[in-house]
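Data block below; observations after.
The values are calculated or read from the model by the stated rules, or taken from the named source; none is laboratory data. As the structure is a computational prediction, the values presented were derived from the model and not from experiment. Cβ sites come from the backbone with ideal geometry, for glycine too, and all protein chains shown count toward neighbours.
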Ligand SMILES: Cc1ncc(C[n+]2csc(CCOP(=O)(O)OP(=O)(O)O)c2C)c(N)n1
Ligand SMILES: [Mg+2]
């Protein structure tokens with residue numbers, strides 16, 4: 001996994017300094033398609049006649065790339081399976097599952113086929129595909145349109161899971177996911193789409209499996225990804241005023257996890273807090289906490305804390321939806337607890 | 001459907017494939033009963049005719065996707081018997097290094113792309129292989145095999161629709177052996193004929209006697225021509241029967257005795273052999289020669305499998321990802 005510097009597209013010169021995630025991902029798809037004719041894109045309503053995707057991430061691509069970009073029938077099992085088949089013979093399909101909960105109707109193709117064909121064929125075939133999907137609570141979408149299900153995929157050997165938090169990472173990680181020889185689930189957060197961030201450098205890929213130190217610090221390591229990277233930095237700045245110096249790490253890729261960066265940090269701070277929007281039990285936080293305890297038990301100054309959502313379906317009514325998600329106050333309390 | 005009778009050479013080639021499938025199957029079951037091999041084995045004894053009559057019309061470039069009951073499809077398409085047997089025996093010399101087994105046979109150099117253990121899952125993947133072919137402007141066709149029970153799962157319906165709207169060069173071959181595990185056809189399937197379901201998707205649906213090589217050959221010939229010409233998919237339902245239950249160990253108590261006896265009486269293998277001789281497409285001596293050559297092939301395959309080494313434990317860590325992760 002090396003950082004690749006591809007040719008810069010002419011658009012880079014006049015790119016604005018701040019863009020949102022939608023623009024960054026659109027560039028990533030566009031640049032990947034122009035760099036490699038094996039990249040094909042399909043999903044529901046993603047071609048221009050159908051609007052270029054529900055948040056318009058694939059806007060303009062079907063006009064530019066023709067039959068390599070297709071709107072599909074509402075057949076997740078059918079078109080995710082078709083991506084598996086095309087990937088087995090050398091295409092690099094990028095399919096969009098409109099919302100993350102809909103993976104439930106095509107899990108068979110993901111976990112029994114995409115994830116396992118390399119192994120079960122003894123390495124004769126492999127499945128270089130990307131599934132892009134989006135999710136997130138806070139939009140009153142209720143129980144079937146808001147879940148974070150990353151742990152399902154992390155728990156399936158053969159799959160990689162990428163969860164960007166900002167436009168620049170989104171671009172570079174999606175390019176790497178498309179180039180990756182294994183299936184990648186690329187999970188986008190509805191909350192992050194419209195938040196402006198630094199514009200990506202077009203052509204610059206970010207390797208999978210490498211976390212990013214968002215804020216260096218010495219007292220406690222706070223680890224997040226995706227949406228929680230919108231919540232952790234303001235709390236860290238608030239605590240800084242009280243003399244608590246947080247080291248904030250954005251995982252970026254959840255599987256494989258960058259244990260080197262995490263353990264180096266926790267070795268230094270002796271304390272760790274893991275933050276995710278997915279419900280608490282049996283989740284990524286549990287895995288991370290366990291790995292930190294296994295590696296650094298004697299060096300820890302406090303048990304690893306988990307900050308996550310309630311173990312309930314995502315509710316509809318705003319007060320319930322707020323009660324479901326962790327609050328900044330809970331996050332602050334968890335960090336302080338490790339220092340108590 | 002218009003019947004096409006292939007020439008004698010092709011008819012004998014079909015016989016040769018059927019013989020390979022039948023002998024291999026008989027011998028695998030023998031090895032299991034003698035305790036030399038242990039596995040979940042889904043015999044296709046009785047269904048030989050279907051892949052034999054289709055595969056004689058395919059090239060190594062054409063793609064095949066099949067199911068756990070798919071050894072017959074794989075052998076007909078060209079999976080070498082030695083690699084099959086070593087895989088069944090779980091040896092490192094098997095086509096999948098012993099990591100796949102009978103339900104996941106794969107051999108891309110002969111177009112044997114995927115074998116799935118999940119009912120219905122062969123069909124969406126076949127659509128993707130067809131899409132790849134279409135985007136590259138190639139002439140390959142993809143054959144997707146599945147059972148009668150699989151025509152009741154969503155993947156079947158999504159795939160037929162997708163293949164129809166995208167005009168994919170896929171031939172959906174339903175090997176209707178009249179049972180899905182212990183469930184008889186009419187208990188689980190609403191349509192009088194599975195081929196009738198093609199009409200819902202605006203594609204041709206053909207019902208043939210899957211024990212008649214000429215009928216299967218003719219249906220496949222038309223479907224292959226249509227796919228190669230870019231006219232889209234076809235659903236072929238080939239009606240047949242499985243003689244050895246769902247898997248070895250299943251005594252088949254749920255099959256009425258009269259139905260079973262009738263099926264055995266009409267065993268397509270000896271019937272076809274007699275027909276070839278009777279109609280002078282081959283002499284009995286010529287067919288004896290084929291049988292003997294295949295027996296040698298299976299002897300060699302079994303010896304190869306038995307004498308090969310088991311995979312090293314380190315293999316559990318390999319082929320999970322392109323590069324091993326911690
Ligand atoms: C999705 C799924 N459900 C159930 C099973 C268990 N199962 C294996 S084979 C089978 C029957 C399938 O019958 P059919 O499609 O007629 O194929 P046949 O075995 O007769 O060749 C069932 C239910 C499975 N493998 N996959
Ligand atoms: Mg059946």
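Quick rundown of the values:
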quantity: Residue that is modelled with pLDDT of 95 or more, surrounded by 16 or more Cβ atoms within 10 Å (Cβ to Cβ) and part of a helix (DSSP H, G or I), where the choices are A:308, A:323, A:286, A:329; calculated: A:286
quantity: Wholly within the stretch A:202-272, strands (runs of 3 or more DSSP E) carrying at least 2 residues that are surrounded by 23 or more Cβ atoms within 10 Å (Cβ to Cβ); calculated: A:220-224, A:246-250, A:253-255
quantity: Every residue from the stretch B:289-326 that is surrounded by 13 or more Cβ atoms within 10 Å (Cβ to Cβ), within 14 Å of chain A (Cβ to nearest Cβ) and modelled with pLDDT of 95 or more; calculated: B:308, B:311, B:315, B:318, B:319, B:320, B:321, B:322
quantity: Tabulated pairs, the stretch B:275-288, first crowded, with 16+ Cβ neighbours inside 10 Å, second outside any helix (DSSP H, G or I), C-beta under 6 angstrom, 6+ apart or interchain; calculated: B:276/B:282
quantity: Qualifying positions in the stretch B:134-149 - within 18 Å of residue B:66 (Cα to Cα) and either touching a helix residue (DSSP H, G or I) at 6+ places or on another chain (Cβ under 9 Å) or at pLDDT below 95 (or both); calculated: B:140, B:141, B:142, B:143, B:144, B:145, B:146, B:148, B:149
quantity: Residue identified as within 14 Å of chain A (Cβ to nearest Cβ) and touching a residue at least 12 places away in the same chain (Cβ under 8 Å) among B:95, B:151; calculated: B:95
quantity: Qualifying residue in the stretch B:112-135 (condition: away from chain A (no Cβ under 11 Å), surrounded by fewer than 24 Cβ atoms within 10 Å (Cβ to Cβ) and free of Cβ contacts under 8 Å to residues at least 60 places away in the same chain); calculated: no
quantity: Strands (runs of 3 or more DSSP E) enclosed by the stretch A:30-146 - at least 2 residues per element that are surrounded by fewer than 18 Cβ atoms within 10 Å (Cβ to Cβ) and within 16 Å of ligand 1 (Cβ to nearest atom); calculated: none
quantity: Any hit, the stretch B:64-72, residues being at positive phi and either surrounded by 24 or more Cβ atoms within 10 Å (Cβ to Cβ) or modelled with pLDDT of 95 or more (or both); calculated: no
quantity: Residue within the stretch B:139-152 that is surrounded by 24 or more Cβ atoms within 10 Å (Cβ to Cβ), away from ligand 1 (no atom under 16 Å from the Cβ) and farther than 24 Å from residue A:91 by Cβ present; calculated: no
quantity: Condition broken by residue B:243, with the remaining ones in (1) within 14 Å of ligand 1 (Cβ to nearest atom); (2) over 30 Å from residue B:7 (Cα atoms); (3) surrounded by fewer than 24 Cβ atoms within 10 Å (Cβ to Cβ) satisfied; calculated: (2)
quantity: Flag for residue B:210 being away from every other protein chain (no Cβ under 11 Å), surrounded by 20 or more Cβ atoms within 10 Å (Cβ to Cβ) and within 15 Å of ligand 2 (Cβ to nearest atom); calculated: yes
quantity: Those residues of the stretch A:31-54 which are more than 21 Å from residue B:130 (Cβ to Cβ) and within 19 Å of the chain's Cα centre (by Cα), in sequence order; calculated: A:32, A:53, A:54
quantity: Index of the failed condition, residue B:167 passing every other in (1) within 15 Å of ligand 1 (Cβ to nearest atom); (2) surrounded by fewer than 24 Cβ atoms within 10 Å (Cβ to Cβ); calculated: (1)
quantity: Some residue of the stretch A:176-187 being assigned to a helix (DSSP H, G or I), touching a strand residue (DSSP E or B) at 6+ places or on another chain (Cβ under 7 Å) and assigned by TED's automatic domain parsing to the domain that holds residue A:41; calculated: yes
quantity: Selected residue [touching a strand residue (DSSP E or B) at 6+ places or on another chain (Cβ under 9 Å), within 12 Å of ligand 1 (Cβ to nearest atom) and away from chain A (no Cβ under 14 Å)] from B:222, B:178; calculated: B:178
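Conditions tested, residue by residue: (1) over 16 Å from the mean Cα position of the chain (by Cα); (2) modelled with pLDDT of 95 or more.
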{"position": "B:162", "(1), (2)": "yes, yes"}
{"position": "B:182", "(1), (2)": "yes, yes"}
{"position": "B:201", "(1), (2)": "yes, yes"}
{"position": "B:211", "(1), (2)": "no, yes"}
{"position": "B:221", "(1), (2)": "yes, yes"}
{"position": "B:234", "(1), (2)": "yes, yes"}
{"position": "B:237", "(1), (2)": "no, yes"}
{"position": "B:244", "(1), (2)": "no, yes"}
{"position": "B:251", "(1), (2)": "yes, no"}
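Rundown of residues vs (1) more than 14 Å from chain B (Cβ to nearest Cβ); (2) at pLDDT below 95; (3) at positive phi, yes/no style:
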position	(1), (2), (3)
A:54	yes, yes, no
A:58	yes, no, no
A:75	no, no, no
A:78	no, no, no
A:84	no, no, no
A:88	no, no, no
A:91	no, no, no
A:99	yes, no, no
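Residue by residue, here is whether (1) within 16 Å of ligand 2 (Cβ to nearest atom); (2) within 14 Å of chain A (Cβ to nearest Cβ); (3) not in a helix (DSSP H, G or I) holds:
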residue	(1), (2), (3)
B:31	no, no, no
B:38	no, no, yes
B:42	yes, no, yes
B:45	yes, no, yes
B:53	no, no, no
B:59	no, no, yes
B:69	yes, no, yes
